[in-house]
Each structure stands twice: as C-alpha cells, then as structure tokens.
Amino acid sequence: MKSLRIIVSCVSLTLVLQNCGGSSGGGDAEAAAFALIGNISGSSYISPCDTLTPETGRGVFVADELVSAPGSTGIGYKNANCAKDGIRGQGEFNGSLDVYTMGASGSGASIILGWSGGKVQPSTGIDFIVYENPFFIGVQNNSNPFNAVFMEPLIIEVGNDQTNWCGWNPAYTNADPNTFVNNPTYWNRFAGITPVAYNQDTNPMTVAEVFDTDIVNGGGGGDGFDLADSNFGSSGTGCDSTLKNDIQANGFTYIKISAAKTILSTLPIDSAHSNPDIDGVVAKSVSP
Ligand SMILES: [Ca+2]
Ligand SMILES: [Ca+2]
Ligand SMILES: [Ca+2]
C-alpha cells in the first residue's frame with residue numbers, strides 16, 4: 001500500500017489535507033483514507049477499526065479473532081484489528097481501505113486469525129475466502145478481459161495448533177518465472193489476487209453471491225480455498241498426511257496469511273507489491 005503510506009506520513013507530520021492530497025489529486029480516496037485513519041493524537045488515538053464489528057447472523061462467518069500479528073502497531077493501516085472487523089471491498093477498480101498492511105519480511109509479514117474458538121468446517125465448494133485489496137488496472141474489453149490487477153500476493157495455510165500448517169501448493173506459472181506479470185491466470189492458489197465487491201456495509205450481497213468469488217460476473221470477489229482441492233496438503237510447514245486428513249475431515253481452527261515471498265523467496269515480487277493489506281477472511285461453515 002505505497003500511496004497510502006504517504007498519507008499516513010502526512011498525518012504524522014500534521015500537514016493539512018490539501019497539502020498532502022494536492023500533488024496526486026486522488027481527493028475522494030485520500031479523504032476516505034483520512035477518515036479511516038482517524039484522529040491520531042498520541043495515547044488517545046482510537047482507530048476506526050477498533051470500533052467496527054464484523055457482520056453476523058446470516059451464514060457469512062468472519063474470522064473475528066486476532067491470534068497473532070507481530071507487525072501491528074495499532075495505528076492507521078498498521079492496526080491488525082482492521083483484519084478482523086469485517087470486509088469492506090470497494091469494487092473492481094478500487095482497493096479496500098479497511099485493511100491491515102503487513103510487513104514485507106520477517107514475523108510482521110504474517111498474521112494468524114481464528115473464529116473465536118470455532119472450527120471452519122469442510123463444506124461443498126470453497127470453504128473460506130481471503131480478502132486483500134487488489135484492483136483491476138488498465139483498459140478492460142473483450143480482447144483484454146480483466147487480466148491486469150494491482151496485486152500483492154499472499155500464501156494461505158491452515159492448522160490447529162499454530163505450529164503445524166497445511167497449504168495449497170501455490171504456483172506462479174508465468175513462462176518466465178523471474179518476471180512479475182500482473183495477470184491473475186499465472187497466480188494459482190495464492191490470495192491477494194482477485195478484487196473485492198463484497199462490502200458488509202455498502203454492498204452486503206446475498207450469501208450465495210459472497211461465496212461466488214467471480215467478481216466479473218456478479219460475485220463478491222476475493223480468493224476462495226477448498227479443503228477438498230487435490231493440492232491441499234502438498235505444502236505447509238509441518239504438514240503431513242495425518243494433519244491433512246484431519247483437517248479435511250474435521251476442519252481447522254487457525255488461518256495463517258503470509259506475504260508470499262516470505263515463504264517462496266524466489267517469487268519475482270518487487271517492493272511495490274510486497275506489503276499486502278488484509279481486509280479479512282470469511283468462512284462458509286463454522287462449528288464450536
Ligand atoms: Ca469444500
Ligand atoms: Ca494491497
Ligand atoms: Ca476489514
């Protein structure tokens with residue numbers, strides 16, 4: 001989130017809005033960013049994310065438990081509560097501002113979320129969706145159909161003990177593996193790839209629409225994962241067949257979200273695409 005980092009700097013320097021926004025001209029987005037960042041004034045600072053709450057009661061189960069976020073400062077976009085306060089996507093061409101920006105490396109490049117002790121259950125189709133804040137860029141038309149995204153790729157793992165994790169064997173399949181290409185087709189089984197239309201406040205959608213990630217055709221977007229996927233269990237620290245089979249049969253307690261390059265170090269992700277912003281995670285079925 002490079003442009004927004006500049007905004008945060010402006011706030012900390014107590015420059016006025018006009019001085020910060022003038023050069024880049026992104027008035028609405030920047031005004032919204034200021035509203036989200038709120039009034040930073042030392043120890044009295046309260047982030048909007050600290051008071052927002054995730055939706056409940058209709059079959060969209062938001063990961064509402066912050067288990068671990070070593071990079072969180074509680075201020076602005078470095079407040080990890082923004083990753084558990086609900087999903088507030090901004091559509092195909094804008095990124096959500098209700099997000100926690102992770103570090104590019106080290107412990108701050110990961111976050112662990114839970115469902116307040118519940119377990120995400122295996123169900124038909126995708127079992128959960130991860131929302132970063134990607135957005136389509138450039139011209140979209142029939143010969144160039146939504147194939148360019150500003151993305152900050154993530155690797156997703158799940159587990160039951162915060163130590164052993166199973167993942168989906170993410171694969172970057174561009175012919176030149178050393179060149180970054182922003183076409184989602186090459187980013188298989190990563191998150192942080194698909195823009196987000198679902199917004200619990202302004203575009204709540206139906207439950208069926210939320211769990212349809214095809215944003216181009218009316219779904220809510222985000223990146224869905226299925227415990228029944230044949231790739232599940234073929235990656236992840238400490239993943240063995242026992243853990244894989246247990247998770248596939250009985251579900252999982254924790255999700256670990258990491259900036260992709262911290263796990264796959266040879267990925268061609270430069271510094272402009274290496275500070276992912278986590279809006280949140282929703283599951284289709286959770287049981288205590
Ligand atoms: Ca499933
Ligand atoms: Ca981002
Ligand atoms: Ca959020």
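Values in this text are rule-based calculations from the coordinates and carry no lab data. Everything numeric in this text was worked out from a predicted model, so none of it was measured. All Cβ positions, even for glycine, are placed from backbone atoms using ideal geometry, and neighbour counts span all protein chains on display.
Close amide H partners of residue 148, meaning residues 5 or more places away or on another chain with modelled amide H under 5 Å apart, are 137. The 3J(HN,Hα) values that the Karplus relation (6.51, -1.76, 1.60; θ = phi - 60°) gives for segment 206-213 are, in residue order, 7, 4, 4, 5, 4, 8, 9, 7 Hz. Gly and Pro appear as x. The phi torsions of segment 83-94, fed into the Karplus equation with coefficients 6.51, -1.76 and 1.60 and a -60° offset, translate into couplings of 8, 10, 9, x, 10, 9, x, 10, x, 5, 10, 9 Hz, rounded to whole numbers, with Gly and Pro shown as x.
Can you give the net charge of the other residues whose Cβ lies under 11 Å from the Cβ of residue 194, counting K and R as +1 and D and E as -1? Don't skip to the answer; put the middle values down first.
Values: positive: none; negative: 92, 132, 214, 223.
Neighbourhood net charge equals -4.
Shape analysis of segment 56-287 places it in the rounded category; the axes a ≥ b ≥ c from the Cα gyration tensor give an a/c below 1.5. Please give me the summed charge of the neighbours of residue 246: other residues whose Cβ is under 13 Å from its Cβ, Lys and Arg +1, Asp and Glu -1. Spelling it out: positives minus negatives among the neighbours equals 0.
Descending by average beta-carbon neighbour count within 10 Å, the peptides 254-267, 113-126, 148-161 line up as 148-161, 254-267, 113-126, the highest first.
May I ask you to order 52-58, 104-110, 268-274, 88-94 by the average number of other C-beta atoms within 10 Å around their residues, highest value first?
Values: 52-58: 12.4, 104-110: 16.4, 268-274: 14.6, 88-94: 19.4.
Order by mean packing, descending: 88-94, 104-110, 268-274, 52-58.
In this structure, the amide hydrogen of residue 104, modeled 1.01 Å from its nitrogen in the peptide plane, lies closer than 5 angstrom to no residue at least 5 positions away or on a different chain.
Centre-to-centre separation between the Cα atoms of segment 59-99 and those of segment 166-186: 25 Å. For residue 280, the residues whose modelled amide H falls within less than 5 Å of its own, excluding neighbours fewer than 5 places apart on the same chain, are 131.
Listed values for segment 273-284 are Karplus-derived 3J(HN,Hα) couplings in whole Hz (6.51 cos²θ - 1.76 cosθ + 1.60, θ = phi - 60°), namely 10, 10, 10, x, 10, 9, 7, x, 9, 10, 10, 7, and x replaces Gly and Pro.
Compared with the alpha-carbon gap, the fully stretched path from residue 73 to residue 272 is longer by 69.5 nm at 0.36 nm per residue.
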